[in-house]
1. Hey, what number do you get for the chain at 222 nm if only DSSP H runs of n ≥ 4 count, each worth -39500 (n - 2.57), divided across all residues, to the nearest 500?
2. As I understand it, the value is the acute angle between the Cα axis of helix 3-17 and the longest principal axis of the Cα atoms of the chain; what does it come to in degrees, rounded to 10?
3. Give, rounded to the nearest 20 debye, the magnitude of the charge dipole that segment 3-84 has about its Cα centre when Lys and Arg contribute +1 at Cβ and Asp and Glu contribute -1 at Cβ.
4. Please calculate how many Å² of accessible area the chain carries per residue, with a 1.4 Å probe and no DNA, RNA or ligand atoms counted.
5. How far is helix 69-84 tilted, in degrees, relative to the longest principal axis of the Cα atoms in the chain, given as a value from 0 to 90 rounded to the nearest 10?
6. On the protein heavy atoms, probe 1.4 angstrom, tell me the percent of accessible surface of the chain carried by carbon and sulfur.
Amino acid sequence: MTETEMRRAFIDALVGVAPDIDPGSLGAEDHIQRDLGLDSMDVLNLVAALHDQLGIDIPEADYPQIATLALAVPYLQAAGASRQG
């Protein structure tokens, strides 16, 4: 997936978990818990949605790597590439 496609996939999964988030106002550095207000169950639902959408397993130790859009996109691209390779 391209960076743009991965960005869209993350935003879609995030909005699916927290529909009150406006994707147009989402900043690259907005933290999903501190800035966007997701709780731990929302984070688990986000991880599950990303797995369903992308087929990528995200271990709990890697949750900080999806805490912002700027972190999540390269992490998911690398995880997706290693899954395919």
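1. Rounded to the nearest 500, it is -18000 deg cm²/dmol.
2. 50 degrees
3. Dipole of segment 3-84, to the nearest 20 debye: 220 debye.
4. 57 Å²
5. Rounded to the nearest ten degrees, it is 30.
6. Roughly 49 percent, rounded to a whole number.
The values are calculated or read from the model by the stated rules, or taken from the named source; none is laboratory data. Only a predicted model underlies this, so the values are computations on that prediction, with no experimental measurement involved. Please note: Cβ atoms are built from the backbone with ideal geometry, for glycine as well, and neighbour counts cover all protein chains shown. Quick note on the areas: whole protein, heavy atoms, side chains included, nothing else; ligands and nucleic acids left out. Shrake-Rupley method; radii C 1.70, N 1.55, O 1.52, S 1.80 Å.
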